[in-house]
Amino acid sequence: NAGVTQTPKFRVLKTGQSMTLLCAQDMNHEYMYWYRQDPGMGLRLIHYSVGEGTTAKGEVPDGYNVSRLKKQNFLLGLESAAPSQTSVYFCASSPDRVSNQPQHFGDGTRLSIL
Amino acid sequence: AQSVTQLGSHVSVSEGALVLLRCNYSSSVPPYLFWYVQYPNQGLQLLLKYTSAATLVKGINGFEAEFKKSETSFHLTKPSAHMSDAAEYFCAVSDPYSGGGADGLTFGKGTHLIIQP
């Protein structure tokens, strides 16, 4: 029972490079989220999806794009990486729109932009 | 807009002492509230949640929290700290009536709990 799996776990990029972070969940959850965690800032929502084929912006969406082509996968893309995007990225999922359902988190992707 | 304030970025207690981590929220409607714990190099794990049922909520690992509407607080407590409790703790709020807008949790900035032997 894997839950939420993020790949890769670590990555170092040069400024201007692009990459895609993959999140996969095996719980058949409708809702998926991407957060970034920075020291002293807590977690901030980047983008989220309320179902296959849908995406929406969160609190800090600039510089990122997302796609949800399959229900179980939620991809986060950086088209042109910037040092300000150095962070730990967390994916989460939850079963439905009812807000009392807790979100299940992956173990994170640690991304450094040089 | 909702927000969460966690008082104290670092809290240090002795092993066996009471743990108290403070969380205050701001919300236009009665919210749902969560406490998560994060161990080093891991994701977030749910400790407990408040969803408008009992105001005293018991969670895993001996933690509990009390929802106080008059104080807009949801403080986390544990009677006796263990070394294994050393971690980062996050309070989060969710709007139960969210629709159309950002749908996700709003997190506090976190409190790092240090356990002294």
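Would a scan of segment B:56-64 turn up a residue that is under 15 Å from the mean Cα position of the chain (by Cα), free of Cβ contacts under 8 Å to residues at least 12 places away in the same chain, buried (at least 19 other Cβ atoms within 10 Å of the Cβ) and part of a strand (DSSP E or B)? It would help to see each step written out before you state the result.
Start the filter on segment B:56-64 by keeping residues that are under 15 Å from the mean Cα position of the chain (by Cα), which leaves B:56-64.
With free of Cβ contacts under 8 Å to residues at least 12 places away in the same chain added as a condition, the list becomes B:56-58.
The next check asks that each one be buried (at least 19 other Cβ atoms within 10 Å of the Cβ); those that pass are B:57.
Right, trim to part of a strand (DSSP E or B) and you get B:57.
Yes, there is a match, as at least one residue in segment B:56-64 is under 15 Å from the mean Cα position of the chain (by Cα), free of Cβ contacts under 8 Å to residues at least 12 places away in the same chain, buried (at least 19 other Cβ atoms within 10 Å of the Cβ) and part of a strand (DSSP E or B).
Name the residue that is nearest to A:Gln37 (Cα to Cα), counting only residues in segment B:56-95 that are within 14 Å of another protein chain (Cβ to nearest Cβ) and acidic (Asp, Glu).
Top of the filtered list is B:Glu88.
For B:Ala53, which of the numbered conditions (1) more than 13 Å from every other protein chain (Cβ to nearest Cβ); (2) at negative phi; (3) part of a loop (DSSP other than H, G, I, E, B) fails to hold?
Only one criterion is unmet by B:Ala53, namely (1).
Suppose we filter segment A:60-69 for residues that are outside any strand (DSSP E or B) and in contact with a Gly (Cβ under 8 Å, 6 or more places away or on another chain); how many remain?
Of the residues in segment A:60-69, 3 are outside any strand (DSSP E or B) and in contact with a Gly (Cβ under 8 Å, 6 or more places away or on another chain).
Name the pairs: first residue in segment B:19-46 and facing chain A (nearest Cβ under 10 Å) and more than 16 Å from B:Lys58 (Cβ to Cβ), second residue in a strand (DSSP E or B) and among the acidic types (Asp, Glu), Cβ to Cβ under 7 Å, at least 6 apart or on different chains?
B:Gln38/B:Glu88
Here is a list: A:Thr55, A:Thr109. Which entry is within 25 Å of B:Ser9 (Cβ to Cβ), modelled with pLDDT of 90 or more and under 13 Å from the mean Cα position of the chain (by Cα)?
On the way: A:Thr55 fails: within 25 Å of B:Ser9 (Cβ to Cβ).
Unique residue meeting the criteria: A:Thr109.
Considering each of A:Val50, A:Val60 in turn, give the residue that is more than 21 Å from A:Gly16 (Cα to Cα), without any contact (Cβ under 8 Å) to a residue 60 or more places away in the chain and either within 13 Å of chain B (Cβ to nearest Cβ) or crowded, with 20+ Cβ neighbours inside 10 Å (or both). Please lay out each step first, then the result.
Details: A:Val60 fails: more than 21 Å from A:Gly16 (Cα to Cα).
That would be A:Val50, the only listed residue that is more than 21 Å from A:Gly16 (Cα to Cα), without any contact (Cβ under 8 Å) to a residue 60 or more places away in the chain and either within 13 Å of chain B (Cβ to nearest Cβ) or crowded, with 20+ Cβ neighbours inside 10 Å (or both).
For segment A:70-83, does any single residue satisfy the condition of being part of a strand (DSSP E or B), touching a Leu at 6+ places or on another chain (Cβ under 7 Å) and under 29 Å from B:Ser52 (Cα atoms)?
Residues of segment A:70-83 that are part of a strand (DSSP E or B), as a first pass: A:73-78.
From what is left, the residues that are touching a Leu at 6+ places or on another chain (Cβ under 7 Å) are A:73, A:75-76.
Still in the running and under 29 Å from B:Ser52 (Cα atoms): none.
No, because not a single residue in segment A:70-83 is part of a strand (DSSP E or B), touching a Leu at 6+ places or on another chain (Cβ under 7 Å) and under 29 Å from B:Ser52 (Cα atoms).
Give A:Phe90, A:Phe74 a once-over and let me know the one that is within 9 Å of another protein chain (Cβ to nearest Cβ), buried (at least 17 other Cβ atoms within 10 Å of the Cβ) and either out of contact with any helix residue (DSSP H, G or I) (no Cβ under 8 Å at 6 or more places or on another chain) or at pLDDT below 95 (or both).
On the way: A:Phe74 fails: within 9 Å of another protein chain (Cβ to nearest Cβ).
Matching residue, one of A:Phe90, A:Phe74: A:Phe90.
Being in contact (Cβ under 8 Å) with a residue 60 or more places away in the chain, in a strand (DSSP E or B) and surrounded by 16 or more Cβ atoms within 10 Å (Cβ to Cβ) is true for just one of A:Arg44, A:Arg36, A:Arg11. Which residue is that? Reasoning before the result, please.
Working: A:Arg44 fails: in contact (Cβ under 8 Å) with a residue 60 or more places away in the chain; A:Arg36 fails: in contact (Cβ under 8 Å) with a residue 60 or more places away in the chain.
None of the other options fit; the residue is A:Arg11.
The values are calculated or read from the model by the stated rules, or taken from the named source; none is laboratory data. Note that this is a predicted model, so its numbers are computed, not measured. Don't worry about glycine lacking a Cβ; one is built from the backbone with ideal geometry, like all the others, and counts go over all protein chains shown.
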